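Heads up, the thing below is written out as structure tokens.
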Amino acid sequence: MSDWRFRLAERRGTLIALALFLALFALYASKHPAGFTANVVQTAANKGALLAFVAMAQTFVVLTAGIDLSAGMIFTFTNCLGSYIVAGSTPTALLGCAGVLAAGLACGALNGLIVIYGRLQPIVATVASGSIFYGLALWLRPQPGNSDNFNSDIADFMTGRVFGVVPMSLVALFAVVLAIWIPFRRSTTGRAVYAVGSSEMAAYMSGLPIRRAKFWAYTLAGLFASIGGLYLSFITYSGEANFANGGTYTLFSIAAVVLGGVSLFGGVGSAIGAIFGALAFRTIGDLLFVFDLDPLYQPLFQGVVLLLAVCTGAAQLFRIRNRLDLFQ
Amino acid sequence: MEFAQPLLRMEGISKRYGGVRALEQAGLEVRGGQVHAILGENGAGKSTLIKVMAGVVAPDGGRMLLEGREVAFAEPAAAIRAGIACIFQELSLIPDLSVADNVVIDSPPRRFGMIDHRAQRRLAEEALARAGGEDIHPLAPVKDLPLSRRQMVEIAKALARKPRILILDEATSALTAADVAKIFAVLKRLRAEGLALLYISHRMQEIAEIADVCTVFRNGRNVATYEAGTKTLAEVVELMIGREYSHAFPTVAAPESDAGPPALEVRDLRWAERLRDISFSVRAGEVVGLGGLDGQGQRELLLALFGVTKGLSGEIRIDGKPTNIASPRAAKSKRIGMALIPEDRKTEGLMLPMSVRVNLSFAALDRLSRWGVVDRDAETEAIDEMVRLLAIRTDGVDVPVGSLSGGNQQKVVIAKWLMVRPRIILLNDPTRGIDIGTKQEIYALLRRLAESGAAILFYSTDYDELIGCCNRVLVLYDGAIKRTLVGAEITERALVASALNIAAGAEAGA
Amino acid sequence: MSETAGGGGVAVRRVPLLRHIDPAVATAFACIVVLLLIGSLYSREFLSPGYLLQQLKVASFLGVIATGMMIVILLGQIDLSVPWAVAMGGMMACAATAHGQIGVIGAIPFGLLCGVALGLLNGFGVAYLRIPSMIITLAVNAVAQGLMVVHTGGFSPQDSASAAMRFIATGEVAFGIPHSLIVWAIIGAGTVFLLNRTSYGRAVYAIGNRERAAFLSGVDTQRAVMIAFAISGGLSAFGGILLAGYASKAAQAMGDAYLLPAIAAVVLGGTSILGGRGSYIGTVAGVILITLLQSILSVMQIPESGRQVIYGAVILLMMLLYGRGRRAEG
């Protein structure tokens, strides 16, 4: 069936990321002192899910050939917000969760409006808006902390295990993919997002809604970053306005997206790939521990992986035969 | 049928780009069940007319009536909704999406709000079949298809919109004869179904085969509309050329001597399917023209000589010595002494917001600076000389070059390169879109430069210029030199005929 | 600030010797005056020479860093590796002092060299591999961070600054004029000369305006881009050396607080974020503006959180106004 050939080719980036992750994780689990236990998987899943959500956020924007440097700051801000309003009885805490997600949507929508109507370059717009989001986070949490009646039941449930084996965070990832990513991907807006990133000129000539596509890409990016922020609240029970941490998540989300087969030039890739990219990137960092290497080398190692990942995009240069094509 | 209301009627359409008029009071009537061919030379206004019709550009004046009702399209989407589908030259397909995605891109079938892939595939397959592209897999990404297949997808995409008017702008230029035959079968069926088809092509044989009605454009106007087959090829060529203007050109002098090696010699130049076995030479004092239709490899040839392209094969000799030109920087070095007046002065020739001074001296800074520090006195002196020599009309040299008129901007581009003191000058359509007065000055300048010993290679889309300025003209077709015209052979008739690649002698009868 | 709406639009090309004053630069200076007036409402001290010199001293650190950023932005690129280029400069210079007499003498050049190396890496990626500058500089920033974490073992670095570093960062010439201000003035003068009087400077503006046209004019645009990033890396590192001299030692994350202010100073000074247009005097104004803004926000006892929000909002606002002006002109 030649259909399979095309279907495989379309998902090649995602499948490579999946294979990479599985290989790395198998190595990790086999070398882990505690072995392949539900606990090891749960801890790894919780950490991985945080990055996976932010990486999915980054995917939406990168697909339009833009970039969201505020993703980590929205993540930080919504984490701080979550540490306040995911509190009280379970119904009020759930309402709080909704509030956190709404805040993320608002942040993303703000980015979208600035980029579309202000016509600012995504990078500068999101660096500046990131400063605002970080300021808000710091305003909420000048010191790390949590609400006195933080609802740890929800938090424990969301970070625990289902049937004693499957980490809830993976279930949440799966649910989000099913409920948001797949409908988005199959909507006309989703297709317009891919089209805009692939060739904005062709998208215009084909009469596609370019503004709507960009707006939803940024807005959904905000939403996903806030899901990540919420999850951080679940894991830590608290909120922390950590500037370096926010920046790190932005950076790692870009790395994860690249590893996940999403093209930084737009139009190619999938948020599912970004999830595996994120999990693989996390595992790379953790491998150093199980191999008893000095954990000090972790940031360097991750930096080098990131550098190599972004350099792979340069391979297409060898195909350019008219040097003027370099200066579009 | 003759007296029925036309499906689309355009009246008095005008459009200017900056100071250049692309359309001047142009009109057209399009009827259902006809293939209407549009003919004209380069820059006659055909593409602008199509763009107006498809909502890509807004006209400055005039009106469009669709079945008698006045319409105006703010964007391509509006034209599509009105039933006008346009096939551009590989512009509107989204490379990373699949064929099926592209075919139904503007209104994919949906179920429960989501795109229904199965229905989409069915629609795409139907449209592909109607367009004669049954062999294209609907799941293949467009970027992996060869150009000819992409053109089929474009047609399928247009048909999926169920248009009433279908515009094909050079839609067959990338296709093989077999593919063209397929498409013609499709077009004939569509005509029978009552669609209005607008067909733009430079291939006269194709037009003779498919068109019912022809309209000839010249200088932004429709000059004649006639039923296909009622005019000879010679008459059509005459209509396209017109007899409107003839410039005074300086007399073309023969180069001083044939002794010694030519300043520039090219042997068997090939590049990426765009240039095929190009061989020619230019002597000092000679002006050699490049002719042919737009986009036949002239631009690529100039860029290749100037060191812009990679993967070039063949040999370039400067003063008889084989030379490798690796970059524009190498090309302008003393050893080679080459200059290129590029195609688009706004994006390739000038930095518009920067001052006349900076633009003028920019290419020659190596000569005007010491240890990287610009010698401002020498710079000012050289600039003043150039402003005088070319009579550049500017309000001082510190105003942005973008504030100058088009003609004066072009003079700045030329002056900028003369400051490098080149021996070989390549020009890419240097008079496009500038006023007649400045054109005359440029012709005189070219002649002076040639007389002072420069070797000049000159591409122009204006046949009058080639006739008036050149010692020889090389006519390119599909990346190869089809004909070389020397001296008195350079006539408009010969240029047009060889540009259209009509077999020699065919231009007389047909 | 609403007057900039019209002001940004009438972009007169920067001509040396201030023959035409860019309205954006004028606006930036006007804002400085307004800030000084607002500040003087809170405290009389605000207009005293001592306070103003203190502000200039603080501004000079940012000024040095923003200089490199400006050159990169003039090219139409951006350098996001500033945070760890700054930290690397400071840390490496301090680390060198631990290696005897030669180390003490070589401290400043060594720190500088590390920054230049980092910049070359950025420049190579942008110019030759054509990786978008925001991506490659982020990645290089991560690598620099990794290197420094390995170097310091994750703790606050223990090496202290050399005497020379302390001298240029903290000393005073006379009348309370700090050495660091002199250093900034020298670097500034050099930059003005580079941008206005050399063929390299012309190439920078040309590439920022239209890289295609610059390339077709026979300029080695790739080399020019790489050099710009090297300068930016070097100046960031030099800023780190000054900061380390000021505080007597380097610190983790000492550069984090300089990325956004550096971009903001350049943009508020009227340099187009799209490249090709801007003057150094504008960047000077932007640096002073940002420094005063920070100072006033702290005098008004606005907490760090409020400062971050105000920064972001002010920068967005200014860029929106300038951006519109630029389009109207094109």
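Read the figures in this text as sums done on the coordinates, not as results from a lab. Note that the structure is predicted; figures quoted are calculated from it, not measured. In this analysis, Cβ positions are derived from the backbone assuming ideal geometry, glycine residues included, and neighbour counts consider all displayed protein chains.
Length gain on complete extension for the stretch B:Arg448 to B:Asp135, per 0.36 nm per residue less the alpha carbon to alpha carbon distance?
Fully extending the segment from B:Arg448 to B:Asp135 adds 106.9 nm.
Between A:Asp153 and C:Leu41, take the C-beta separation as r, use R0 = 56 Å, and let me know the FRET efficiency to the nearest 0.05.
Taking R0 as 56 Å, the efficiency between A:Asp153 and C:Leu41 is 0.60.
Label region B:347-421 by shape, choosing from rounded, prolate and oblate, from the square roots a ≥ b ≥ c of the eigenvalues of the Cα gyration tensor; if a/c is under 1.5 it is rounded, and otherwise prolate applies when a/b is larger than b/c, oblate when it is not.
Because a/c hits 1.5 or more and a/b exceeds b/c, region B:347-421 counts as prolate.
Looking at the protein assembly as shown, send over the antiparallel percent of its DSSP beta bridges, to the nearest 5.
Looking only at bridges with both residues in the protein assembly as shown, the antiparallel portion is about 60 percent.
For chain B, find the longest principal axis of its Cα atoms and tell me its angle to the long axis of helix B:406-418, 0 to 90°, nearest 10.
For B:406-418 against chain B, the angle is about 50 degrees.
Mind checking which lysines have their C-alpha under 17 Å from B:Lys346, skipping anything on the same chain fewer than 8 residues away?
B:Lys411, B:Lys416
For a paramagnetic label modelled at 7 Å from the Cα of B:Asp344 toward its Cβ, which residues of region C:196-214 fall within the zone defined by backbone nitrogen distances under 20 Å?
Residues C:206-214 fall inside that zone.
Which residues in region A:97-111 place their backbone N less than 20 Å from a point set 7 Å from the Cα of C:Ala313 along the Cα-to-Cβ direction?
From region A:97-111, the list is A:103-111.
Using every Cα-Cα pair within region A:233-313, state what percent have a distance larger than 18 Å.
Value for region A:233-313: 50 percent of Cα pairs lie more than 18 Å apart.
Please go through the residue pairs B:Lys143/B:Lys482; B:Lys143/B:Lys182; B:Lys15/B:Lys157 and name each one whose alpha carbons sit more than 25 Å apart in this structure.
Beyond 25 Å: B:Lys143/B:Lys482; B:Lys15/B:Lys157.
Ranked highest first by average number of other Cβ atoms within 10 Å, how do B:371-378, B:120-127 line up? Please list the in-between numbers first.
On the way: B:371-378: 13.4, B:120-127: 20.0.
Averaged packing, sorted descending, gives the order B:120-127, B:371-378.
If you keep only loop residues by DSSP, which trypsin sites (Lys or Arg not before Pro) in region B:392-437 have at most 15 other Cβ atoms within 10 Å of their Cβ? Could the numbers behind the result be given before it?
On the way: sites: B:Arg393, B:Lys411, B:Lys416, B:Arg423, B:Arg432; in loops: B:Arg393, B:Arg423, B:Arg432.
Counting only loop positions with at most 15 other Cβ atoms within 10 Å, the trypsin sites (Lys or Arg not before Pro) in region B:392-437 are B:Arg393.
Return the Cα extents of region B:284-405 along principal axes one, two and three, sorted largest first, each rounded to a whole Å.
Computed over region B:284-405, the largest-to-smallest principal extents equal 45, 37, 28 Å.
Between the helical axis of B:117-130 and the dominant principal axis of chain B, each derived from Cα atoms, what acute angle in degrees is found, rounded to the nearest 10?
Between the helix axis and the principal axis of chain B, the angle is about 80 degrees.
Springs between alpha-carbon atoms under 10 Å, Gaussian network over chain A: tell me which of A:Tyr237, A:Tyr117, A:Tyr84 tops the mean-square fluctuations.
With Cα springs under 10 Å in chain A, the top fluctuation among A:Tyr237, A:Tyr117, A:Tyr84 is at A:Tyr117.
Starting from the Cα gyration tensor of chain C, take the square roots of the eigenvalues, sort them a ≥ b ≥ c, and report rounded, prolate or oblate (rounded when a/c is under 1.5, otherwise prolate if a/b is larger than b/c, else oblate).
The shape class here is oblate.
For chain B, find the longest principal axis of its Cα atoms and tell me its angle to the long axis of helix B:147-160, 0 to 90°, nearest 10.
40
Neighbouring Cβ atoms within 10 Å as the yardstick, rank C:Val284, A:Val310 fewest first.
Least to most surrounded, the residues fall as A:Val310, C:Val284.
With a length cut of 20 Å (Cα positions projected on each helix's long axis) and a Kyte-Doolittle mean of at least 0.5, go through chain A and give me the DSSP H helices that pass.
A:12-31, A:38-63, A:71-85, A:90-117, A:122-140, A:210-236, A:243-259, A:271-290, A:297-311
Expressed in nm to one decimal, what extension gain is obtained for the pair A:Leu293 and A:Phe265 from 0.36 nm per residue of sequence separation less their Cα-Cα distance?
6.5 nm
Rounded to whole Å and sorted largest first, list the principal axis extents of the Cα atoms in region B:8-241.
52, 37, 32
Say we join alpha carbon atoms closer than 10 Å with springs in a Gaussian network model of chain C; which of C:Met88, C:Met226, C:Met69 then has the biggest fluctuation?
Its mean-square fluctuation being the largest, the pick is C:Met226.
Hey, can you grab everything whose amide H is under 5 Å from the amide H of B:Ser333? Only 5+ residues off in sequence or another chain; H modelled, so Pro and N-termini drop out.
Amide H neighbours of B:Ser333, under 5 Å, 5+ apart: B:Met338.
Taking the Cβ of each residue in A:Val41, B:Val486, C:Val82 as the centre, tally the other Cβ atoms inside 10 Å and list the residues starting with the fewest.
B:Val486, A:Val41, C:Val82
Hull surface divided by four, with the convex hull built on the Cα atoms of region B:105-256: how many nm²?
Projected over every direction and averaged, the Cα hull of region B:105-256 covers 14.6 nm².
Could you give the DSSP H helices of chain C that reach 27 angstrom or more along their long axis (alpha carbon positions) and whose average Kyte-Doolittle hydropathy is no lower than 1.6?
Span-like helices in chain C: C:23-42, C:100-127, C:280-299.
Identify the residues of region C:88-116 with backbone N under 11 Å of a label point that sits 7 angstrom from the Cα of C:Phe167 along the Cα-to-Cβ direction, or state none.
C:105
Can you compute the FRET efficiency between A:Val40 and A:Asn245 using 1/(1 + (r/R0)^6), with r the Cβ-Cβ distance and R0 = 22 Å? Round to the nearest 0.05.
0.40
Is the C-alpha gyration tensor of the protein assembly as shown telling us rounded, prolate or oblate? Criteria: a/c under 1.5 is rounded; beyond that, a/b larger than b/c is prolate, otherwise oblate.
Oblate is the answer for the protein assembly as shown, as a/c is 1.5 or above yet b/c matches or exceeds a/b.
So what is log10(I(q)/I(0)) for region A:3-327 at q = 0.11, 0.14, 0.15, 0.16 1/Å, when the Debye sum runs over its Cα atoms only?
Results for region A:3-327 at q = 0.11, 0.14, 0.15, 0.16 Å⁻¹ read -0.69, -1.11, -1.27, -1.42.
Using Cβ counts within 10 Å as a stand-in for footprinting exposure, how do B:Thr251, A:Thr76, A:Thr126 rank, fewest first?
Starting with the residue having the fewest Cβ neighbours, the order is B:Thr251, A:Thr126, A:Thr76.
One quarter of the convex hull surface, Cα atoms only: what value does that give for chain B in nm²?
Mean orientational projected area (chain B, Cα hull): 26.7 nm².
Gaussian network model of chain A, Cα springs within a sub-10 Å range: biggest mean-square fluctuation belongs to which of A:Ala125, A:Ala34, A:Ala49?
Greatest mean-square fluctuation among the candidates belongs to A:Ala34.
Counting only residues 5 or more places away or on other chains, whose amide H sits under 5 Å from the amide H of B:Ala454 once H atoms are built in the peptide plane?
So B:Ala454 has HN proximity to B:Gly285.
Okay, helix-only estimate at 222 nm for the protein assembly as shown: each DSSP H run of n ≥ 4 adds -39500 (n - 2.57), divide by all residues, round to 500 deg cm²/dmol; what do you get? All intermediate terms of the calculation are to be shown ahead of the outcome.
On the way: 46 runs with 636 residues, N = 1168.
Mean residue ellipticity at 222 nm (helix-derived): -17500 deg cm²/dmol.
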